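Some notes on the structure that comes next.
The values are calculated or read from the model by the stated rules, or taken from the named source; none is laboratory data. As the structure is a prediction and not an experimental result, all values here were calculated from the model. Here Cβ is always computed from backbone atoms with ideal geometry, including for glycine, and neighbour counts include all displayed protein chains. With ligands, DNA and RNA removed, areas are computed over all heavy atoms of the protein, side chains included. Shrake-Rupley method; radii C 1.70, N 1.55, O 1.52, S 1.80 Å.
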Amino acid sequence: MKPPEPRAAALDQTRAPYFAALLDYVDAGVIPFHTPGHKQGIGMERAFRDFVGDNVLAIDLTQIRGLDDLLQPEEALVEAQELAAECFGAQQSFFLINGSTSGNQCMMMAALNPGDKLAIPRNSHKSAMGGLIMSGATPVWMQPEVDEALHMDHTVTPETVRATLRRDPDVKAIYVVSPTYYGVAADLEAIVAIAHEHDIPVLVDEAWGPHFHFHPALPLSAMQAGADICINSTHKMLGSMSQTAMLHVQGNRIKLDRLKAVYKLFLSTSPNLVLVASLDVARRQMALDGPALLSRTIEIANEARRQLNEITRVYCFGEEQEGRPGVFDLDPTKITITVKNLGYTGYEAEEILRRRYNVQLELADLFNVVALYTIGTTTEASDALVHGVRELAREDRPVDIFSPSGVLERRMNTGTYKLPSIPPIRLVPRDAFLAATEFVPFKLSAGRICAEVITPYPPGIPVLSPGEEITPEIIDYLTLEKKAGVKMQGPYDDELKFIRVVR
Ligand SMILES: Cc1ncc(COP(=O)(O)O)c(C=O)c1O
């Protein structure tokens with residue numbers, strides 16, 4: 001694939017001012033009487049130090065003169081974040097060191113006051129629930145399009161957003177997840193147009209799409225689509241280190257002063273500067289080489305998808321799905337491998353691929369596994385994945401052991417496997433989360449108000465949120481997921497034998 005021409009930049013994108021500031025500090029040989037306590041590695045446990053190397057410890061510094069202050073930048077971080085804003089097409093960008101999780105909290109706290117209504121898709125990541133609890137906002141849940149054949153939720157459509165605003169004209173902001181974990185992108189331009197007709201902001205959880213801005217074969221990025229604010233987990237899809245992310249903002253619907261105040265509230269006063277510098281260099285890499293690197297990534301991913309689709313009973317959805325409800329566009333760098341016709345759950349396939357072929361996937365659900373292709377994915381790695389799936393498909397596995405209980409198989413065969421409907425909201429999430437509560441047996445909890453978040457993980461989408469009525473359908477669904485070995489995140493009782501409800 002021929003890489004597109006890099007965009008012209010007004011700022012000098014060859015610079016990485018924050019990384020340079022750290023190197024200057026090391027070069028100056030400063031004698032450190034400041035944190036961190038390991039003092040550039042000298043006090044660090046030997047085995048760890050030997051493994052990670054002296055260089056990384058030498059730049060694990062603290063925010064002193066010359067190294068700026070992430071919460072109140074005045075030096076190199078001003079330029080580093082300006083470069084990021086230009087590079088990602090934003091008016092202003094903020095570096096995050098607690099992932100998009102903190103980005104979700106910042107977006108909601110910046111845009112919403114207690115009691116404000118937020119139109120939000122049901123398949124939002126659980127970190128969005130943190131934003132709802134902290135802000136005191138009331139969710140107006142939007143049903144994403146459910147794909148019964150692929151057994152997954154896609155995005156919310158512009159029609160759903162319009163209908164939500166017609167039903168609830170006092171909604172104060174629209175929140176969208178795009179792309180989904182499976183790489184399905186929403187029609188953000190149309191959603192933004194509808195929201196802006198009502199003069200309300202669009203908040204986009206673009207955790208999985210930080211690369212969109214850098215290649216025309218990828219969906220439009222949130223900033224390109226005119227969204228007011230978005231988050232990017234640069235650590236997920238680009239070259240920055242784990243925990244790092246960026247928050248981008250444009251226009252005047254999000255009050256910058258409020259956003260900055262919230263940012264200061266949520267971020268550590270002791271950020272790991274190695275992480276911060278990795279954001280600076282990941283931006284430089286995208287500005288200079290992003291289009292070429294992504295061309296290669298897309299090519300490798302498309303070839304793998306083609307080869308995987310040649311394997312009998314394996315299906316990886318692709319362009320043929322575009323235009324279906326909730327599938328406005330697709331990110332080719334995420335490959336969803338549907339393994340249900342091989343007689344395996346996604347969880348089983350994930351485990352076998354790891355144990356026998358040393359291949360670790362990003363996500364497994366009941367029916368699929370997801371492989372992430374990024375600028376770090378090599379052709380050899382991709383070949384190993386295709387080989388593993390090919391071998392897996394060779395095994396003659398009877399479909400009747402598909403589910404440990406047999407329930408899943410029966411349901412699938414009769415077409416009655418359904419995601420549970422959104423339960424009625426009885427309390428605002430914040431009020432339920434902070435209410436007096438008690439534990440009751442999960443099986444007997446129908447009709448009670450849930451006080452916690454119950455999230456089958458992955459993919460990390462809450463099935464029950466604080467303030468919602470527990471329905472028999474949800475008890476059924478979660479019982480099935482538990483039987484299939486799905487891990488539940490959020491519940492006080494990991495096994496979900498008991499659930500915390502409002503007293
Ligand atoms: C859609 C979505 N938003 C937000 C997050 C949180 O991102 P992070 O892990 O960078 O905190 C995730 C994590 O998987 C996610 O899938």
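The figures follow:
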| read-out | value |
| --- | --- |
| Residue check for residue 254: in contact with a helix residue (DSSP H, G or I) (Cβ under 7 Å, 6 or more places away or on another chain), within 16 Å of the ligand (Cβ to nearest atom), closer than 21 Å to residue 161 by Cα and outside the structural domain of residue 57 (by TED's automatic domain parsing) | no |
| Helices (runs of 4 or more DSSP H) within the range 90-178 that include 3 or more residues modelled with pLDDT of 95 or more and within 11 Å of the ligand (Cβ to nearest atom) | 99-111 |
| Qualifying position, being surrounded by 21 or more Cβ atoms within 10 Å (Cβ to Cβ), under 27 Å from residue 58 (Cα atoms) and within 16 Å of the ligand (Cβ to nearest atom), among 282, 227, 287 | 282 |
| Residues of the range 472-491 classified as farther than 10 Å from residue 456 by Cβ and in contact with a Phe, Trp or Tyr (Cβ under 6 Å, 6 or more places away or on another chain), total | 1 |
| Looking only at the range 241-251, and only at residues there that are open to solvent by 20 Å² or more (accessible area, probe 1.4 Å) and within 14 Å of the ligand (Cβ to nearest atom), the one that is nearest to residue 109 (Cα to Cα) | 243 |
| Residue in the range 10-27 that is of a type in the set (S, T, N, Q) and over 29 Å from the mean Cα position of the chain (by Cα) present | no |
| Residue match in the range 409-416 (condition: in the same structural domain as residue 489 (by TED's automatic domain parsing) and either modelled with pLDDT under 95 or touching a helix residue (DSSP H, G or I) at 6+ places or on another chain (Cβ under 6 Å) (or both)) | no |
| Of all residues in the range 208-220 being within 15 Å of the ligand (Cβ to nearest atom) and closer than 19 Å to residue 100 by Cα, the one that is most open to solvent (accessible area, probe 1.4 Å) | 208 |
| Within the range 366-384, considering residues that are open to solvent by less than 10 Å² (accessible area, probe 1.4 Å) and in contact (Cβ under 8 Å) with a residue 40 or more places away in the chain, the one nearest to residue 306 (Cα to Cα) | 382 |
| Residue tally, condition part of a loop (DSSP other than H, G, I, E, B), surrounded by fewer than 18 Cβ atoms within 10 Å (Cβ to Cβ) and touching a residue at least 60 places away in the same chain (Cβ under 8 Å), over the range 453-503 | 3 |
| Scan of the range 192-207 for residues that are β-branched (Val, Ile, Thr), out of contact with any Gly (no Cβ under 9 Å at 6 or more places or on another chain) and more than 12 Å from the ligand (Cβ to nearest atom), ordered by number | 194, 200 |
| Test: residue in the range 75-89 that is farther than 18 Å from residue 268 by Cβ, touching a His at 6+ places or on another chain (Cβ under 9 Å), surrounded by fewer than 23 Cβ atoms within 10 Å (Cβ to Cβ) and modelled with pLDDT of 95 or more | yes |
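Okay, residues lined up against (1) among the β-branched types (Val, Ile, Thr); (2) touching a helix residue (DSSP H, G or I) at 6+ places or on another chain (Cβ under 8 Å); (3) away from the ligand (no atom under 16 Å from the Cβ); (4) in the same structural domain as residue 364 (by TED's automatic domain parsing):
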{"position": "451", "(1), (2), (3), (4)": "no, yes, yes, no"}
{"position": "461", "(1), (2), (3), (4)": "yes, yes, no, no"}
{"position": "466", "(1), (2), (3), (4)": "no, yes, yes, no"}
{"position": "470", "(1), (2), (3), (4)": "yes, no, yes, no"}
{"position": "483", "(1), (2), (3), (4)": "no, yes, yes, no"}
{"position": "491", "(1), (2), (3), (4)": "no, no, yes, no"}
